[in-house]
1. I'd like to know if the stretch 46-54 contains one or more residues that are among the polar types (S, T, N, Q) and either at pLDDT 75 or above or touching a Leu at 6+ places or on another chain (Cβ under 7 Å) (or both).
2. Can you name the number of the only condition in (1) in contact with a helix residue (DSSP H, G or I) (Cβ under 7 Å, 6 or more places away or on another chain); (2) surrounded by fewer than 14 Cβ atoms within 10 Å (Cβ to Cβ); (3) at pLDDT 70 or above that Ala78 fails?
Amino acid sequence: MRGELRLKRGHLARPQAGFCNAITVAASIGAKAWESRATMSFTRLLDKQGRRGEAPAVLADLYNSLIEGFDTVALNDAKAVLDELAK
C-alpha cells in the first residue's frame with residue numbers, strides 16, 4: 001500500500017522500496033496473493049520508469065513459483081503482463 005500511495009503522489013523513485021519490502025514480507029509468510037499483488041505493482045513501476053527489460057524476470061520468478069490458483073484473476077493478470085512484456 002505504501003508503494004501505491006507514493007506512486008499516486010507522483011514519486012517514481014520511492015515506491016520501489018515499498019514494493020520490494022512487501023514482496024519480501026509476503027514471501028516469508030507464504031502469502032502468495034499479497035506477494036502477487038506487490039510483484040504486479042513493482043512490475044508496473046519498472047515499466048513506468050523505463051526499466052521494462054527488468055520487469056519480466058521479476059514477474060516470471062513469482063509466476064513460476066506458483067503451483068496452484070491458475071484460475072485466479074491475479075495469476076491471469078500476471079500471465080497477461082508477462083505476455084505483453086515479451087512483445
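1. For the stretch 46-54, residues among the polar types (S, T, N, Q) and either at pLDDT 75 or above or touching a Leu at 6+ places or on another chain (Cβ under 7 Å) (or both): present.
2. Among (1) in contact with a helix residue (DSSP H, G or I) (Cβ under 7 Å, 6 or more places away or on another chain); (2) surrounded by fewer than 14 Cβ atoms within 10 Å (Cβ to Cβ); (3) at pLDDT 70 or above, Ala78 violates only (2).
So that you can scan it fast, the table gives a plain yes or no per residue for (1) closer than 25 Å to Asp83 by Cα; (2) crowded, with 18+ Cβ neighbours inside 10 Å:
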site: Ala22; (1), (2): yes, yes
site: Ser28; (1), (2): no, no
site: Trp34; (1), (2): yes, no
site: Arg37; (1), (2): yes, yes
site: Leu46; (1), (2): yes, yes
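The values are calculated or read from the model by the stated rules, or taken from the named source; none is laboratory data. Computed from a predicted model, the values in this text were never measured in an experiment. Every residue, glycine as well, gets a Cβ built from its backbone with ideal geometry; the counts of neighbours run over all protein chains shown.
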